[in-house]
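Report on the structure given below.
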Amino acid sequence: MMMSLSAFLLMAPGARAQSDDANKMLKAMSDYMANQKNISLSFDTAVEVITPEVQKIQFASSGHLQIGRPDKIRASRTGGYADVELVFDGKTITVYAKHIGSYAQVDSPSSLDQLVDRLRDKFSVVLPGADLLMSNVYDALTSDVINGLYIGRGVIEGAECEHLAFRGQDTDWQIWIEVGDRPIPRKYVITSKGIAAAPQYTLVIRDWKTDEQPSANAFVFTPPKDAKKIEAAALPSIDEVPPAEVKGAKK
């Protein structure tokens, strides 16, 4: 009978060293990310849901993200069920649902850290890999971590990466960090342990740029002529998963 990977790692003499290595690598990535004032990247996401019949269904989206610290962001995400753009200029949040030609705005002077919570509470919008955008990535990622392991190396989008795995109370997660003097996250996988069949959320990051100055209008929202402004409460669901398509599904 083949020994499981988890059992092998727990029995291995270097398991404690691997845990220390994983924390050091994660901290190095956190520090690097926090020091980047301007970030531009593209991403692909895949979110799994479990139907009442215990069938696993996956939904995919792609998008682009641009950040100007401490308080500006522009993000877009296109999938099979929503085409959404988010713009925050440091004072006003704009969520533009392109697929229905409507947008909503809320005044909300805040930092990027505060914005993540505001988007979730006001618009039910979760930014892809939101924990990776925080000013202190390490604290955000490890708030409920039980233990971590350094797995080894892998290749993501052609880049050699350090592969780390962490266990938490409700979720397990993995992260692949680029090897070298630019320790950026390349892949992030979250596994929900409290749901049968353990659905996963996967984020793959590409086209990283941290050395470009944003254009003058990078964080300015100019509504298209035919776009309709609506109240935030009237904005329909812009989640990656269409609620009507997989009735009763859990993710």
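Before moving on, here are some points about what is shown:
- The set of residues in region 127-162 being aliphatic (A, V, I, L, M) and within 15 Å of the chain's Cα centre (by Cα) consists of LEU127, ALA130, LEU132, LEU133, MET134, VAL137, ALA140, LEU141.
- Considering (1) over 14 Å from the mean Cα position of the chain (by Cα); (2) within 30 Å of LEU149 (Cα to Cα), the lone condition that ALA46 does not fulfil carries the number (1).
- Qualifying residue in region 194-212 (condition: farther than 29 Å from ASP71 by Cα and charged (D, E, K, R)): no
Every residue, every condition in (1) among the hydroxyl-bearing types (Ser, Thr, Tyr); (2) surrounded by 15 or more Cβ atoms within 10 Å (Cβ to Cβ); (3) not in a loop (DSSP other than H, G, I, E, B), yes or no:
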{"residue": "LEU26", "(1), (2), (3)": "no, yes, yes"}
{"residue": "SER30", "(1), (2), (3)": "yes, yes, yes"}
{"residue": "ASP44", "(1), (2), (3)": "no, yes, yes"}
{"residue": "PRO52", "(1), (2), (3)": "no, no, no"}
{"residue": "ILE73", "(1), (2), (3)": "no, yes, yes"}
{"residue": "THR94", "(1), (2), (3)": "yes, yes, yes"}
{"residue": "HIS99", "(1), (2), (3)": "no, no, yes"}
{"residue": "GLN114", "(1), (2), (3)": "no, no, yes"}
{"residue": "ARG120", "(1), (2), (3)": "no, no, yes"}
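- Among the criteria (1) hydroxyl-bearing (Ser, Thr, Tyr); (2) open to solvent by 40 Å² or more (accessible area, probe 1.4 Å); (3) touching a strand residue (DSSP E or B) at 6+ places or on another chain (Cβ under 8 Å), the one SER108 does not fulfil is (2).
- Residue that is least open to solvent (accessible area, probe 1.4 Å), among those in region 54-71 that are without any contact (Cβ under 8 Å) to a residue 60 or more places away in the chain and among the polar types (S, T, N, Q): SER62
- Residue among VAL204, VAL155, VAL189 that alone is in a strand (DSSP E or B), out of contact with any Gly (no Cβ under 8 Å at 6 or more places or on another chain) and over 15 Å from THR45 (Cα atoms): VAL155
The values are calculated or read from the model by the stated rules, or taken from the named source; none is laboratory data. Just so we're clear, the structure is a prediction, and the values are computed from it rather than from any experiment. Counting neighbours? That spans all protein chains shown, and the Cβs are built from the backbone with ideal geometry, glycine included. In case anyone asks, the SASA skips ligands and DNA or RNA and just uses the protein heavy atoms, side chains included. Shrake-Rupley method; radii C 1.70, N 1.55, O 1.52, S 1.80 Å.
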